[in-house]
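The values are calculated or read from the model by the stated rules, or taken from the named source; none is laboratory data. Owing to the predicted nature of the structure, the values given are computational and were not obtained by experimental measurement. Reconstructed Cβ throughout: ideal geometry from the backbone, glycine too, with neighbour counts over all protein chains shown. Surface accessibility is based on the protein's heavy atoms, side chains included, excluding ligands, DNA and RNA. Shrake-Rupley method; radii C 1.70, N 1.55, O 1.52, S 1.80 Å.
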Amino acid sequence: MTDIKLYNTMARAKQDFTPIDDKNVRMYVCGPTVYDRAHLGNARPVVVFDVLYRLLRHVYGPDHVTYVRNFTDVDDKINATALARKEAGAPGTLEELVHERSNETIAWYLNDMRALGAMDPNEMPRATEFIQPMIDMIEDLIAKGHAYPDGAGHVLFSVKSYEDYGQLSGRSVDDMIAGARVEVADNKRDPMDFVLWKPSTDDLPGWDSPWGRGRPGWHIECSAMSHDLLGASFDIHGGGNDLQFPHHENEIAQSKCTHPDAGFANYWLHNEMLQVEGKKMSKSLGNFFTVHDLLEQGVPGEVIRFVFLGTHYRKPMDWTEKKRAEAEATLRSIAQLFGGDPHSREWYLRGRGNVPQEILDALSNDLNTSLALTYIRKYVKNRELSKLDASLRLMGFEPEALVEKFHGFEVHAGDNGVVRGVSYHGDGSVSSEHSEVLRSLSAQLFDARETAMETKDFSEVDRLKAALLDAGVEVRMSKNGVELLPGTGFDASKLEGLL
RNA sequence: GGCGAGUUGGCGGAGUGGUGACGCAGCGGAUUGCAAAUCCGUGUACAGGAGUUCGAUUCUCCUACUCGCCUCCA
């Protein structure tokens, strides 16, 4: 069995991964707050942990891994949208409108993430479905002396009651107070105490609780949901490193205090943040965009995934136009390898090959996806289709989809000594009308070239070629034939009048 | 101010106690009517300083710089 090594934030070291139960490897990843479209940064942990999920399934078996990723659907921004809709005259109660907004953004999220090749987790719990377990947990924390109500509808967690508080993020409560950037509130016994439950006004969603009508704080949901779905002890807990503090620290405090004898999560994995052209993505810098924006612009999800996997998950990843273009070129070459020559399709017929050990070794070494992609490039270069196919699949790329999306459209005109004619491969991205034009042009260019080879007058050939290039069509000629490949900048209108 | 991460060739990006991937770009060549594509070849890189060592880019310390978190945030 492949030995997996993972960098455990808790230990600040790469460790051998040993699951609690190798028949049920359990992973929890903090999911999105579903108030709007997922931005590109939201997609990084999804892709990172999707690779880990696939690796775990490969190593332990697809039926022996449980992956849970939550949706946070208790949030003021969701409420604000719902309230605005209600005020604009939308039918339904506020609760219904909140639920409607969450449903809407969850559907967007799943569509976008699937476009990136991310598998759906086994469970995708919503915070609003786990209010009672949260209330139960809060009551238990109060009973054990780790939390206290303030009498005004809040319940707070007492960080001083948990001596290991700060272990994950390497901070001490005293240091943080010294940093003096903590919110001062007179209902807190300690400035670092955080909210488990807070009151809701009438215009906010709320649930009845022993402390009055209210809603849960942010951190308690993950403690409650992971416990319900994975148990008091599970293997991996993941998320972006911005969640390390305070979110994960607080989760640990809540869960460990509720279940003092359990280990909660054994391995804590954190991905680094994403940047755009060297800068943090932010609305004020004008470099903020969603996954959906990119997809709409015609950037295939596979390209986004490929770019993401090119950088190790624990390093900041810079999304740049140049990387986008390089990834697209690489995927195109893969597609042409699989789809270009019918003879190469024997890879379909031979069945699935084994994943090369070097790929497994790379991924098992704390998800060295960048190194794995290096091997993938090597397989492309050496035309090792079986290895390439198996490796791509493990990393979440479907060769069939790559062929369909990136092989694009090409026209061959030529003479193979037996048959003289025109063939083409299309994926529907070029209309049939345009494909007819291209087919005619390819035949015309081939004939013109044959003539020119005898007369040595290449003016007509050059005229056609220049016009095709201008229209965004790549032209490849040899004595065997002509290939026309419309590229991303293909403009069919520029071909009018050539025929 | 506190905590943490990082600094590898033109760019991106792995990795290692013993001359150092890979991709892109560049350069040279083959090929091509010219190109494109392809193929072959090609690179005085490991922030600076000190230390450990037979030997460090890889380990330790210091300095500089960059970035993140500390507030909703993946």
For the stretch A:77-112, give me the residue count where each residue is open to solvent by less than 70 Å² (accessible area, probe 1.4 Å), touching a residue at least 12 places away in the same chain (Cβ under 8 Å), within 10 Å of A:V34 (Cβ to Cβ) and not hydrophobic (A, V, I, L, M, F, W, C). 4
Would you point out which residue out of A:G153, A:G145, A:G166 is at pLDDT below 90 and not basic (K, R)? A:G166
For the stretch A:301-313, enumerate the residues that are open to solvent by less than 30 Å² (accessible area, probe 1.4 Å) and in contact (Cβ under 8 Å) with a residue 40 or more places away in the chain. A:G301, A:E302, A:I304, A:R305, A:F306, A:F308, A:L309, A:T311, A:Y313
The one condition in (1) out of contact with any Ser or Thr (no Cβ under 7 Å at 6 or more places or on another chain); (2) part of a loop (DSSP other than H, G, I, E, B); (3) β-branched (V, I, T) that A:T66 fails to fulfil: (2)
Of all the residues that make up the stretch A:428-476, how many are crowded, with 16+ Cβ neighbours inside 10 Å, outside any helix (DSSP H, G or I) and out of contact with any Phe, Trp or Tyr (no Cβ under 8 Å at 6 or more places or on another chain)? 1
Please verify whether the stretch A:2-15 includes one or more residues that are assigned by TED's automatic domain parsing to the domain that holds A:V98 and at positive phi. yes
For the stretch A:1-58, what are the residues that are part of a loop (DSSP other than H, G, I, E, B), hydroxyl-bearing (S, T, Y) and within 12 Å of RNA strand B (Cβ to nearest atom)? A:T9, A:Y35
Tally time: how many residues in the stretch A:283-299 are outside any helix (DSSP H, G or I) and either surrounded by 14 or more Cβ atoms within 10 Å (Cβ to Cβ) or hydroxyl-bearing (S, T, Y) (or both)? 6
